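Laboratory data are not the source of any read-out in this text; all were calculated from the coordinates shown. From a predicted model like this one, the values you see are computed outputs, not experimental measurements. For neighbour counting, all protein chains shown are included, and Cβ atoms are generated from backbone atoms with ideal geometry for every residue, glycine included.
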Amino acid sequence: MSTTIRSGLSRYTLGLPLLLVLGLLASNADFRQPQNLLNFGGQIAALLIAALGQLFVTLLGGIDLSVGAVMSLSSCLLAVQPDPLWGVLFALGLGLAVGLLNGVGVALAGVHPLVMTLSTATFLQGLAHVVLPIPGGRIAPALTHAASGTWLGLPHSLLWCGAAVAGVAWLLNRSRLGLHFYAVGGQARSAYLNGVNARALVVLAYMACSLLAAVAGIYLTGRVAAGDPALGSAFALESVAAVALGGVQLTGGAGSVTGVVAGALSLGLLTNGLNLFGVSPFMRAVLTGCLLLAAVSVQRRRIVGM
Amino acid sequence: MDHPQAGQAAPRVLLRQVSKRFGSTAALQQVSLAGAAGSIHAVTGENGAGKSTLMKLLAGVHAPDEGEIFIDGVAVRLASPAAARRLGVSTVFQELTVLPNLSVAENLCLGREPLSARMLDRGAMRRQAEAVLARAGISLAPHRACRELSIGEQQMLEIAKGLAAEARIFIFDEPTAPLNRAEVDRLERLLLALKAQGKLIFYISHRLEEIFRFCDTVSVLKDGQHVCTQASAALNPDRLVSLMVGRELQQLFPPRAAERPGAALLHARGLQVGEARAGQDLTLRAGEIVGMAGLEGQGQRELLRALAGLARPRAGSIELIDELGRAHAVQHRHGAAQAVRQGVALMPEDRKAEGLYLDLPIQDNIWLGRLRGTRLWQRARRDPALITRLAERMQMRSAPALAVGALSGGNQQKVMLGRWLASGVRVLLVEQPTRGVDVGAKAEIYGLLRQFVAEGGTVLAVSGDLPELIGLCDRILVLRQGAIVGTMAGAAASEEGLLALALQERPAQAGIPSSQVQEA
């Protein structure tokens, strides 16, 4: 089936998280503790949401390095805005505006995605420190509850993940927009000649990416219950890593929500497992880098194209 | 609303005084063209004459700089391919626009996907695809991924896609280049059915036989200007060629070599490629052009590419003989770079992807051939005089600083040929020497190849175009399942004879010869 070819999934993509889970279950008693599983869900939710945003952009062969900065600035806005509703609206509005800027820069002005999103990332990161120089501020209890509470025994983090996964999966698999994403990612000029508005789609992809980054920022701010101008600093690259681990082809045209979930799970499990074993976070970075390289080397790199 | 031809029924399509410039080149100058409903209207001319550009105005890809476009008497603005499609213009573009990561059904429905409850209706998509494919007589499974399709299958899919649209006007831009004869016949029936339904079909082709077989009207363009529009019944092939070329074309093929071929330049012994069961011997001699014929996919391409150092043969050895008569074994692990250094060059079929540096100017594309055999740190000399000489010899009028990507197919082919002519290689391996090249440039390319061997080189050419092989080659090898099953002298060869050899013992496959329709 063609859908499996462009999903970018392989046994490595899906096998890695499975292997990690089995390994951790067998080797570490703490891993199975409900408290740890709860922690784990909370840890990966933000990464998963941000990586789902990154999926839109990478499907079109682009990359968005401003994901982390959008998260950080969202966090700062929430911290300085006394009304949580306005805070959330500001953050979402910020996401849409940044995405529009990135998208217009890439699609209409022809700026390379790396340069375009690196510029906005730098700009927004500076702005975040201007808005909130040091971590702190007051986060509304409602927001903290929304991120860390439980509902019918289920942690809210799971609901955030579920909603993001369902939304993005619906869009990519069931809407015509989704098909157009794959078409433009496969070959933009051909898609255009077939009547697809390729430029508008690029703008939409960056807007979706930044919007989801803002959502990830809102979630994470509620979870840590404080504003932090460096909240998202690791997320630009981690979201790309999750997408790459999930078998998404960075030149565009192939990738899937399932893959991104697998990628985010793998990164999360690695972090969680190494924490449990008391490995230093620096060593963790070393291992993550090696894992990423290993995982990407066994993938087929050109899925689209003949 | 504007009625350009008050008093009588407006033509289905009227392009009035349209002009289009790309940078400093005028692609179209004040061209007017009318197409009537219920007509198959051929648009022809040499490469670079502006046929594709003209059709792209109607397809919504380019907007005209001047002039107007009317559909059924109404002035229209076609801002994008999607807009043109909404106005009933369906286009099969010359470049394949099949998306490799989509299925056959998805490709067929792209841009007009069936929806139910605002979601993609995949069931309806499959049914629509099945219906369209059945109508077009194409046996492709709707769920197949298009990256697996051959070029011919992709082209048939393009055609099916064009037919699937509810359109009043159909544009087919050189749809038959990669098709075999059976497929061309099928396309002809489809076009005639559309004509009977009162549709207007613009048909761009270089193939004169197709034009005279099923087009009722012919418009000729030359250098971006409209030459004439006539009923095809009022023309004959010679007259049409002279209209296209703007002069009487004396002879398509140069005379064959008068002398017997000279010393061997390349020996292949026991060469086994692809699905071949036995090794093949082959010798190429100075002064001869050797052709390879056969059904599509019988190992011609693999054999040629093994000689070029691109593919590793399963068995066998290749030996090159240098100017001093010394033999050098070709080591396949050194690849194409060594082959080029030893004087063997390949002109690939897909010149855009494999043969040329599209973003580099003409002169750099040619100079790069001159660097053959020089050391990496050696100064790369530029030689404007060489470019001038070559341009004159090849009758190229483009500025040497122009990017190759901007040239027409014929001129791109000449640049690729020019590179190897200038580089001093002795063995030239050519895939499809004139695919997508107009009649005038074809004659020039044949002449240049003949001149190359007359100066001591040798050419091995693979072509699906049998008349081309017969007219050009001194000797034609016929391949079947990777084996050379016969050799014919070019002067004595006939299409029937070659086909009989190619088909022998394989009656089940008869009727789908790889040969293309005869030209000129």
Can you work out the FRET efficiency for the pair residue B:350 and residue B:383, with r the C-beta to C-beta distance and R0 = 22 Å, to the nearest 0.05?
0.20
Over the alpha carbons of chain B, what is the largest minus smallest coordinate on each principal axis, giving the biggest first in Å?
78, 52, 48
Quick one: Karplus J couplings for the range A:57-73, per residue in order, coefficients 6.51, -1.76, 1.60, θ = phi - 60°, nearest Hz, x for Gly and Pro?
6, 5, 4, 8, x, x, 8, 10, 8, 8, 3, x, 5, 5, 4, 4, 5
Points 7 angstrom from Cα along the Cβ direction at residue B:336 and residue A:138: gap in nanometres?
6.9 nm
Ranked from fewest to most other Cβ atoms within 10 Å of their own Cβ, B:397, B:181 fall in the order B:397, B:181
Computed FRET efficiency, Cβ-Cβ of residue B:242 and residue A:170, R0 45 Å: what is it to the nearest 0.05?
0.15
Can you give the longest run of chain A that contains no trypsin sites (Lys or Arg not before Pro) sitting in a DSSP loop with at most 16 other Cβ atoms inside 10 Å?
A:139-299
Once you charge only the Cβ atoms, +1 for Lys and Arg and -1 for Asp and Glu, what is the size of the charge dipole of chain A about its Cα centre, to the nearest 20 debye?
780 debye
When B:195, B:51 are ordered from fewest to most other Cβ atoms inside 10 Å of their Cβ, what list results?
B:195, B:51
If the cut-off is 23 Å between C-alpha atoms, which lysines fall inside it for residue B:199, apart from same-chain ones fewer than 8 positions away?
B:51, B:56, B:161
I'd like to know which of A:264, B:75, A:215 lies farthest towards the positive end of the charge dipole of the protein assembly as shown, counting +1 on Cβ of Lys and Arg and -1 on Cβ of Asp and Glu.
A:264
Please report the spacing between the Cα centers of the range A:5-66 and the range B:274-338 in Å, no decimals.
50 Å
What does the charge count around residue B:169 come to, taking other residues whose C-beta lies under 11 Å from its C-beta (Lys +1, Arg +1, Asp -1, Glu -1)?
+3
Label the range A:1-127 by shape, choosing from rounded, prolate and oblate, from the square roots a ≥ b ≥ c of the eigenvalues of the Cα gyration tensor; if a/c is under 1.5 it is rounded, and otherwise prolate applies when a/b is larger than b/c, oblate when it is not.
oblate
Calc'd 3J(HN,Hα), the range B:404-411, phi into Karplus 6.51 cos²θ - 1.76 cosθ + 1.60 (θ = phi - 60°), Hz, glycine/Pro = x, comes to 5, x, 8, 7, 6, x, x, 6
Along each of its three principal axes, how wide is the spread of alpha-carbon positions in the range A:34-297, in whole angstrom units, largest first?
52, 39, 37
In deg cm²/dmol, rounded to the nearest 500, the helical mean residue ellipticity at 222 nm of chain B, built from -39500 (n - 2.57) for every DSSP H run of length 4 or more, is -9000 deg cm²/dmol
Sequence-distant or interchain residues sharing an amide H contact under 5 Å with residue B:266, placed H: which?
B:284, B:321
Over chain B, what is the relative contact order in whole percent, taking alpha-carbon pairs under 8 Å and six or more residues apart?
16 percent
Count charges around residue B:32 for me, please; just the other residues with Cβ under 12 Å from its Cβ, Lys/Arg as +1, Asp/Glu as -1.
-1
Relative contact order for the range B:264-506 using alpha-carbon pairs under 8 Å, separation at least 6, rounded to a whole percent?
29 percent
Cα centroids of the range A:257-297 and the range A:164-186: how far apart, whole angstrom?
27 Å
Might you report the magnitude of the Cβ-based charge dipole of chain B about its Cα centre, with Lys and Arg at +1 and Asp and Glu at -1, to the nearest 20 debye?
1060 debye
Under a cut-off of 16 Å between alpha-carbon atoms, report the lysines in cross-link reach of residue B:414, not counting same-chain residues fewer than 8 places apart.
B:352, B:442
Distance between the range B:187-228 and the range B:110-135 - C-alpha centres, whole angstrom
30 Å
Quote the charge dipole size of the range B:264-506 about the Cα centre in Debye, to the nearest 20; the model charges only the Cβ of Lys and Arg (+1) and of Asp and Glu (-1).
960 debye
extent check for the protein assembly as shown: Cα max minus min per principal axis, descending, whole Å, gives 94, 79, 56
What does the convex hull of the alpha-carbon atoms of the range B:300-388 project to on average, in nm²?
7.6 nm²
What net charge do the residues around residue B:158 carry, taking every other residue with its C-beta under 13 Å from that of residue B:158, with Lys and Arg at +1 and Asp and Glu at -1?
-4
At 7 Å along the Cα-to-beta-carbon direction for both residue B:74 and residue A:85, put a label point, then send me their distance in nm to one decimal.
4.8 nm
So for the range B:107-222, using the alpha carbon gyration tensor with a ≥ b ≥ c as root eigenvalues (a/c under 1.5 gives rounded; past that, a/b versus b/c decides prolate or oblate), I'd call it prolate
Identify, among B:190, B:139, B:488, the residue whose Cα sits farthest towards the positive end of the charge dipole of chain B, taking +1 on the Cβ of Lys and Arg and -1 on the Cβ of Asp and Glu, with the dipole about the Cα centre.
B:139
Dipole of the protein assembly as shown [Lys/Arg +1, Asp/Glu -1 at C-beta], most positive-end residue of A:247, A:279, A:229
A:279
